[in-house]
Every structure is written in structure tokens, then in C-alpha cells.
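What follows is a single structure, written as C-alpha cells, with notes after it.
Bear in mind these aren't lab numbers, they're just calculated from the coordinates by the rules spelled out. Please read all numbers here as calculations on a predicted model, not as lab measurements. Every residue, glycine as well, gets a Cβ built from its backbone with ideal geometry; the counts of neighbours run over all protein chains shown.
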Amino acid sequence: MTSLDTVVSAPVIDPNPPVINDFTLVVATENGSGSQTANNTLIRAIFKMGVPVSGKNLFPSNISGLPTWYTIRVSHQGYAARREYSEILVAYNPRTSDEDLANLPAGGVCIHPADMKFTTPRSDVVYYPVPVKDFIKEIAPPQHLRDYITNMSYVGVVTQLFGISRVEIEHALMHHFNGKRKAVDLNLRMVDMAIAHTVAHLPKQDPFRVEPLNKTAGKILIDGNTAAGIGALVGGVGVVAWYPITPSTSLVDAITEYAPKLRPAVDDRVNYAIIQAEDELAAAGIIVGAGWAGTRAMTATSGPGISLMNEFGGLAHFAEVPIVIWDIMRMGPSTGLPTRVSQGDILSAYYLGHGDSQHICLLPGDMTECFAYAGTAFDLAERFQTPVLVLSDLDLGMNNWMTEPFEYPEQPLDRGKVLDTGSFAQFLADHDNKWGRYRDVDNDGIGYRTIPGNQNPRAAWLARGTGHNEQGVYSERNDDWQRNMDRLTRKLDTARRHVPAPVIDARPGATVGIIGYGSTADAITEARDRLRAQGIETSSMRLRSLPLNEDVRTFMESYDQIYVVELNQDSQMLQLLCAHAPKDAAKLAPVNLCDGLPLTATFITQRINAHRTSVKQ
Amino acid sequence: MTATTTRPTNRIGLTTQDYQGGTSTLCAGCGHNSITSQIIAACYDLSLDPATVLKMSGIGCSSKTPAYFLGKSFGFNTLHGRMPSVTTGAMIANRTMTAIGVSGDGDTGSIGFGQFKHMMRRNVPMVYIVENNGVYGLTKGQHSATADIGQHLKYAGTNVLPPIDICAEAIAADCGFVARSFSGDAKQVRELIKAAMSYEGTAVIDIISPCVTFNNEDDSSKSYAYGKDKEERIQDIQFIQSYEEVVVDYEPGSEQIVKLHDGPTIKLRKLNRDYDATDRWAAIKLLEECRQSNIFVTGLIHINESRPTLQQTMSLIDEPLAYQTEAQLRPSRAAFAAVMAEF
Ligand SMILES: Cc1ncc(C[n+]2csc(CCOP(=O)(O)OP(=O)(O)O)c2C)c(N)n1
Ligand code: SF4
Ligand SMILES: [Mg+2]
């Protein structure tokens, strides 16, 4: 897909020997044509055959009509990153079919409706025409289901051609339709018709095959937003306030969907609130109020929403109110590419607010972390009485990933230093009868917090964004201000030691280091394997949070050349790394891409190889 | 909470001292200070436990005042125009609290207009006082969105745009408690605050509160002179606690008795107008008439207790969400396992 991609020349594919469990299929359709059911069915069936598989939806910002591509990568090695090209094309969108065909590598496969005409047909690809119209005529589905059923025709052809289990296709449909037999049967009719046609009329001429493996047993397929939504409920969320924005909406949808199952109502009453605000500014205000009053409060948004939450981010930081903000990053600036991935909010999120403020940010890199960090974020927000931002992205949030099932947390919730009526009296008794909301009693920068409802007449305080002393009382004194800022810095340093540490894979003999974070993890893993095969051993560090800690400095000291992989134009994490370890800043080279697509291993290896060549010259 | 023999105490044994806050830093004579005094008096009269009250505000001279009352209550001096959202969150988190918020005409009518409207649409239980001086006090004298056409200010010149009517906006948003008063009318302010604090839902009180420093010329509709001269009370308002007896003083038809949810009563003695405060049409008509004829009416403009509050709409439990324990917040292992089995 040149339209979407960096141009990479693809290798010529030989029809023999068979290529087993190692290829990518791209389904080209129109947005809104209901291909998601068909694609999910294929993915789930392959997954249930024990074969690692991942799906990525490359979709436009549009409700219907614009082109959409869905890539399904089958990889026995378990690689889940996007690839530059796909060997198999399901060309169901007449508007892009010529371009899609042109992008197939030689020896590739093109499955297409029989009546589709290609302007410049190629002789080096295999064609499998599907008489979709005839099928539809025969099945005559209700008008509103026509597109869905049409798409099931490629499911049937793909199933038969590449050896996907028909039984697993049926199971996947049962799963999708929650066991509703009528819907399943209607879809299956088309699948079976296409299978029968393939058997009779489409002899196999390509090398690609799916064969059962045992690499997915016990695993699940899930998207990061669903994982986070479930995680938030498990993590004790009390108030969710939000305003719809792609790609974060499905996170709140997941909370709404799973809340009745995980936090069932008692006598028709619930102990959580999900409130759609009038804008992100109000969403932020609502969670600031709810966090101040003592609940675990969160919002989910994306770049434009983060901009609107700026002033509240600063207030919550300074008044020291726990809130959690999920930023499912998409491509900015401005409305940008609203349905494309990016890691472009690192700096704006880290420094959310005006004046001096640095925030705890979590950087989930896989499904387990999307789930677990939902709870961790609340724990950290309450422990440090401060906003915590979780920076996920569209690729993690909206695409399907294979993962170990999530585990029920064994740690209790960390509600932080909260004094209720009873413990407040005890605190006074233990501390010379003195309490001040912002007094640093434990020398960790964190004061003791009381929340409304505390009955002790001395427990109340007025939260404010204006200058205040340790008692929380208005103050414009320079020494009060400076002391407070110093304490906030101390608090950040305490947080530095508590936030999730980077995951380091140090290889003996490696002189090259690779630093990455978030959704690029799979591409980095695959790139490192390729570099190793090329004779370049690398060590890697996957950052999982901000502020950066001592491990990061040590890693930067340990390698001669360090590549920082990220999906933004300005190398935002690289900037933070330079500031964190200026001594080693010169070793850092950016491997950054800002084109809206999930990163590929090829991009990383090419950039690293090119850099190495240029340095040698 | 020591009740000295000299100071009178209320039903829970507190003196007015127990409802005071810090010393005001506003200009001497500022209308906002009078309202602060009446908030203190109203809370004392109601025998409110300060531990059950949230005092909220935005940013402005008016929004500074929560520091000057109820020193034993939790409070939040939020952002400019954002008191509604923060209060919404707090009242969802702990529905057992009583929220009283103070805003200004700039805070409400300009920067916070959207939040103001949406708070009323949601019917967030809170008393929302607008200390309306037709000017930005804290930023030193710019026209606000409630300034009269032709209002002339030394620094900002002449205002050429029509004013926003806070009460009309509240009625349009189907707010169930809408009142207007004048900071110079201490008794009415106090009675209205007491009624508002006993009302279940958003209660808006637009109080004309002169800014002596920037907008107190006699011809300004937000000046002391104008208020004293032009105020026309719709009713004499008396708030009667649930434990007090409602005595009917006047002949039938001259009084309107409004019973509130928890038992207290608002007694409205009609004055010049035959006005029914429960009639939303009548309220719209009254405000429009007064706008056209430049009449400054005060009193309880509209009351309607039929709308569910936000917490009711959201089917929240009676206990504060904020006080839910880990056992209540964390799903059971069985429920979690069942969800994981779906994937
Ligand atoms: C986002 C933002 N913009 C501007 C300001 C500056 N500011 C502070 S108070 C105020 C106007 C206050 O007017 P009003 O609400 O009428 O209160 P008053 O001082 O008259 O009581 C403004 C513009 C601010 N604090 N925050
Ligand atoms: S400037 Fe006006 S509003 Fe502000 S304190 Fe002075 S008199 Fe009051
Ligand atoms: Mg004002």
C-alpha cells in the first residue's frame, strides 16, 4: 500500500516450497461495510488453531465510504508488528483495487470479486475470483445484512485456500454472535458456499498455508482499551468522566460493558458513575472534584482532549488531587490524523499544565500492562496525590493482540496517606497535635490527606490553585512558595523510585542499545532478531514510566550507541533522555517515524543500518 | 465547639463563630462581603454541621469568599468558570454532602457559561450563588457578560452588548430553584440561601452585589443606589424549618406555601403581583417583562422539585462512593474469571 506506507521493495515469492504460518493478509474494503466481523472471525479461527496471529485496522476518519485496510499477520515466531507489505490481498474495494494489486509482491495472491476489473492486471500474481454476486443472489440475505454476508465470501475462500479450520470458523462466529444460531447459520451459509466454490473451481496455486501449532494455548486475544477498561473496574474505579474521541472511546465503552458484570448493581443501585461530560474540560473538572472527594476517578481521551485538560492538569498537580487520565494517543497536531497511531503526546502529557509541573506517566507496552496499569495508575495517583497519565496509543488500544490471560491482582488497593476521622485523631496524638495538609512529615514529599466527610473539625482544608503554605492557607510569601515547590520536586523524586521500572534485556557483548516504549515493542523485538542474524547484537530497554530513573542512566552509560525508537516527529522521549542523562546524550540517535502507521521491524533495521553506515564513513 | 454563656448557640450547640472563616481581603463595602455574612447566618440558622458542607468557587473576587466563611468545612477554590464540573465530581463522589458554591458574573456568564448550563441540565445538587456586579472585579474593571447596554466604566469604556440574564438562563435550563436578590437586602438573601440549601437539586441565586471599586455609579443597575431605589420584591420570603410551625398569617390567596422534600417550608407572601413561583411560564413572562421595562425584581422566581437529581438519574448507592471499601470496589474472583472466560 504505497498510499499508506514507506516504500520498501518486497522480495519475490516462490510458489514452492510451502510457506507455513508466516505471511500477512490484507483485506481491502470500504469503511462501514461491516468487514470487522469477517476479519475477527478469521483471526479468531487462526488463533484457536494454535497459531500466533495479530490484526491491525488501518482505517480512515470517516463513517462509511473511504477505504479501509485490515492486515492479519500470521507468524509462528509470534511477531505481531506490522509488515510493509502483505503477500495476500483480499481486494474487495473497487476504488483501491488497482493500487492494492500494484502493491502485492511478485508471487502474491489476489482474491477478488469475479466482476472486479483491474486496469493493469499483473501476470506475476495468483488470482482467485469469487462470484460474490451469484452467492448473494442465491442466499438473498435481508438488505441490511447484505454487506456483512458479502464479506463472509472471502472468509470462505481464505479458509479453504489456506487451510483454516472450518470448525474454528464456526466457533468464532458462535463467539461473535453470542451463540445466536440464526445469525451464525446465515453467515455460515455464505462461508460454506464459498468453500464449496473454492474446492470445485479454484485449484491452489500459491504456497501459503496455515497449519495447526500449539503456540496460543491458554492465551487470549484482546485490544488494549478493553484490557484497560476491565483493569479500571478491577482497580476500583469510582467515577469515569469523559468526552467521546477516537481512539479512546472504546475504553469507556469497555467500562460500560463490563461494569454490570464485574461490579453488579445491588437493588438496582451502583457504586460507580460513568458520566459523559460536555467537553474534556468538564470531564477533567469532574474527575478532579471526584478525586478530591476521595474516589478513584479517571478519564480517557486523546491529544485534543489532553490540550483541553491542560489547566486542570496543573491544578490537580498543585492542589495535589489524585486523578487518572488515559491518553490513547493519535496523530496530531490539531485534529491531525484522528484514526492513526502516534506517540506524539509524551512531552505535552509529561508537562501538562503551566508553570513547573512534571507528571507521573505510565507507558504500557502490551495487553497485560494495559490491564494492570489501570489499577497501578490509581494506586500511584492516590499514593502520590497527583495526576497520573497513562499513555497508550491507537495501535495498542484498538487492535487485537495475543496475550496471557490477566491475573486477578493479589496486592490490595493502595489508597495512600488518607486520614479518616479516627486516624486523624491518632495522627494528631502522634505528631504534637499538628497537622497541615501539605506538611512533609515523612520526608518523602507527600503530605497526609483528608477527604470531605471527615468529622474532625480540624480536618477540613480549602483546596486551591493559588499559593499556599503547609496548612493549605493562602500565601504569597516567597519562602512558602519555594518550600512548596521544593517539596513537589521531592515528591517527584520519591515517585521516580516507585513507578514501573524499565524492562532491560542486556546481551553480553552488545555495544548497541535500543530504547523504546509503548506499542513499538514488537517491532523492536523483531528488528533485534534480524540485527542479530546480521551480526549486530543489541541490548534493549523498554521504558514503562516517567519520570525516568537511575536504571535509565545506567543503561545509557553502558552502550556506545543508543537508538531511541518512537512514533513522533520531534523525538520527544529522546529529548527527555538527553535532559535526564546529559553526559550520555551524544550517544542517542533517533529512530523515529511520524507517518501514522504502526512501526515495522524493517523501518528500524533500515534506519539503524543506515546510521551505522553513515557513522563509519 | 465551646458555647460560652454570652454567645447564643443553635440547635447543634454551635455559635456563629463556628461558621466564620478567615478575614476577608476584599474591598471595604464590597457587596460580596454582605453575602458572606448571610451565608454564615443561614448556615447557623439551619444548624448545619460544617463537616457536611462543601464550599466551592471558581476564580474572581467573589470566588475568593469561601475562604471567609465556614472555616471548618472542606472547600475547593477551583479554576475560572469551572466550579460546576468540579462540584459535579465531588457530589457524585459523596452525595451525602451539601454543596454551596460562589461564583461571579464573569465566572458564570462568560468563561463558565457552558459548565453552568450543563450543571443545571444534570441537576447537580448544589447552591449556586452568582455574586453579580456586572464587572470583572479581580482583573480590575472590564465589562462582564451581565453588564447593561450603555454601562460606562472608567477603564473599559461603554458596553455595547446586551446583558445575559442569569435567571432567564437558569429557567431555560429547567433549573428547579431560581432566585434573584440584592446584597443590600440581607434578610431576603439569608432566607433564600436557607431555602436553597434545603432544596434537592441545583439552586441558582443571582445576587446583585455591587463592586464599590469599579461599578458603583448610580446609573449602573449593579450599584447600591440602584438596588436600594429600584428593588421590587415579588414576595416576602420566609424559610420555616421542618420542626417549626407554619403559621398562616394572611387571608387565603395572599400566600404561597411551598413544602420541600425533607419537610421544611418556604412561605411566600405575595406583594404587588399575583405571582405563582411554581409556574415556569409565569417566570419566563416575568423576566421578559422586567427586561423590557427595566424593572429589578427580586425573590423566588421559580421552584419545581420534580426533577430527579444527578445521583438519582445515575442510580447511585446512598452511601458516598468515596467511602466504598476495597471489598466493595474490587470485583469478586468469580466475576473476574467469568469475564476472562469470554475472550
Ligand atoms: C483561565 C483564566 N483566564 C483569566 C483569568 C483572569 N481572571 C481572574 S478573575 C477574572 C474575572 C472575574 O470576574 P467575576 O467572575 O465577575 O468576579 P468578580 O471579581 O467580579 O467577583 C478573570 C478574567 C483566570 N484566572 N483564568
Ligand atoms: S474589586 Fe470590586 S468585586 Fe473586587 S473586592 Fe473590590 S469591590 Fe469587591
Ligand atoms: Mg463580577
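Inter-label distance, A:GLN205 to B:GLU288: 7.7 nm, where each label sits 7 Å from its Cα along the C-beta direction. Inter-chain neighbour count for B:323-333: the average number of beta-carbon atoms from partner chains within 10 Å of each residue's beta-carbon is 6. Peptides A:601-612, A:388-399, A:139-150 ordered by packing proxy, namely the average of other Cβ atoms within 10 Å per residue, highest first: A:388-399, A:601-612, A:139-150. This model, with +1 at the C-beta of Lys and Arg and -1 at the C-beta of Asp and Glu, gives chain A a dipole about its Cα centre of some 540 debye.
Work through the residues other than A:LEU161 whose Cβ is under 11 Å from its Cβ and net out their charges, Lys, Arg +1 and Asp, Glu -1. Overall, the nearby charge balance is +1.
Checked against a 24 Å cut-off, the cross-linked pairs A:LYS417/B:LYS72; B:LYS55/B:LYS154; A:LYS219/A:LYS261; A:LYS434/A:LYS491 give Cα-Cα distances beyond that limit for B:LYS55/B:LYS154.
Using θ = phi - 60° in the Karplus curve 6.51 cos²θ - 1.76 cosθ + 1.60, the 3J(HN,Hα) couplings for the range B:316-331 round to 6, 4, 6, 6, x, 4, 4, 9, 5, 8, 4, 4, 7, 8, 8, x Hz; x is entered for Gly and Pro. Distance from the C-alpha centroid of the range B:320-339 to that of the range A:325-377: 27 Å, rounded to the whole angstrom. Between the range A:561-608 and the range B:139-174, the alpha-carbon centres lie 53 Å apart. Only one residue of A:MET116, A:CYS361, A:MET485 has its Cα farthest out toward the positive end of the dipole of chain A, where Lys and Arg carry +1 and Asp and Glu -1 on Cβ, and that residue is A:MET116. Taking amide H as placed 1.01 Å from N in the peptide plane, A:ARG296 has its amide H under 5 Å from the amide H of A:GLY238, A:VAL239, each at least 5 places away in sequence or on another chain. On C-alpha positions alone, give me the angle between the axis of helix A:181-201 and the longest principal axis of chain A, in degrees, nearest 10. Tilt of helix A:181-201: around 40 degrees.
Across every pair of non-identical alpha carbons in the protein assembly as shown, the mean reciprocal distance, once inverted, gives a Kirkwood radius of 31.1 Å. Once Lys and Arg get +1 and Asp and Glu get -1 on their Cβ, which of A:LEU543, A:VAL564, A:ALA579 lies farthest toward the positive end of the dipole of the range A:537-580? Value computed over the given set: A:LEU543. Coordinate range of the alpha-carbon atoms in the range A:500-617 per principal axis, descending: 34, 32, 27 Å. Ranked by the mean number of other Cβ atoms within 10 Å of their residues, highest first, the peptides A:479-488, B:103-112, B:187-196 come out as B:103-112, B:187-196, A:479-488.
State whether the range B:16-318 is rounded, prolate or oblate according to the following rule on the C-alpha gyration tensor (a ≥ b ≥ c being the square roots of its eigenvalues): a/c under 1.5 gives rounded; otherwise a/b larger than b/c gives prolate, and the remaining case gives oblate.
Since a/c stays below 1.5, the shape of the range B:16-318 is classed as rounded.
For the range B:15-30, backbone phi angles converted through the Karplus equation (6.51, -1.76, 1.60; θ = phi - 60°) give residue-by-residue couplings of 9, 4, 3, 5, 10, 6, x, x, 6, 5, 10, 6, 4, 4, x, 4 Hz, Gly and Pro being listed as x. Computed from backbone phi, the HN-Hα couplings of the range B:209-218 come to 9, x, 8, 5, 8, 10, 8, 10, 5, 4 Hz, rounded to whole numbers (Karplus: 6.51 cos²θ - 1.76 cosθ + 1.60, θ = phi - 60°; Gly and Pro given as x). Taking amide H positions as placed in the peptide plane 1.01 Å from N, state which residues far from A:THR301 in sequence (5 or more) or on other chains have amide H under 5 Å from it. When sequence neighbours closer than 5 places are left aside, the close amide H contacts are A:TRP326, A:ASP327, A:ILE328. If you wrap the Cα atoms of the range A:418-496 in a convex hull and average its projected area over all directions, you get 5.4 nm². Taken along its three principal axes, the alpha carbon spread of the range B:74-214 comes to 46, 30, 30 Å, from the longest extent down to the shortest.
Residue ranges A:549-561, A:418-430 sort as A:549-561, A:418-430 when ordered by packing (mean number of other C-beta atoms within 10 Å per residue, highest first). The mean number of Cβ atoms from other chains found within 10 Å of a Cβ in peptide A:444-457 is 4, as a whole number. Under 13 Å from a label point set 7 Å out along the Cα-to-Cβ vector of A:GLU550, the amide N atoms of the range A:495-515 belong to A:496-498. Once the convex hull of all Cα atoms in the range A:2-209 is built, its volume per residue stands at 121 Å³.
Using alpha carbons only, how many degrees (0 to 90, rounded to 10) separate the axis of helix A:601-616 from the longest principal axis of chain A? Long axis of A:601-616 versus the principal axis of chain A: about 70 degrees. Annotation: lysines with alpha-carbon distance below 17 angstrom to A:LYS117 (same-chain offsets under eight excluded): A:LYS133. The calculated FRET efficiency for the pair A:ARG95 and A:CYS578, based on their C-beta separation and a Förster distance of 30 Å, comes to about 0.10. If one takes the longest principal axis of the Cα atoms in chain A, at what angle in degrees, from 0 to 90 and to the nearest 10, does the Cα axis of helix A:35-48 lie? Roughly 90 degrees, rounded to the nearest 10. Centre-to-centre, using Cα atoms only, the range A:197-275 and the range A:118-143 are separated by 32 Å. Here the range A:2-209 is treated with +1 on each Lys and Arg Cβ and -1 on each Asp and Glu Cβ, and its dipole about the Cα centre works out to around 600 debye.
For B:LYS228, the lysines whose Cα falls under 22 Å of its own Cα, not counting residues fewer than eight places away in the same chain, are B:LYS187, B:LYS270.
Just for the protein assembly as shown, what percent of DSSP beta bridges are antiparallel, to the closest 5? Looking only at bridges with both residues in the protein assembly as shown, the antiparallel portion is about 35 percent. Maximal additional length on extending the A:GLN561-A:THR511 stretch stands at 17.3 nm, based on 0.36 nm per residue less the C-alpha distance. Near B:ALA147, the amide H atoms lying under 5 Å from its own belong to B:ILE164; only residues 5 or more places off or on other chains count, and H is placed 1.01 Å from N.
Counting only other chain Cβ atoms within 10 Å of each residue's Cβ, the peptide B:68-78 averages 6.
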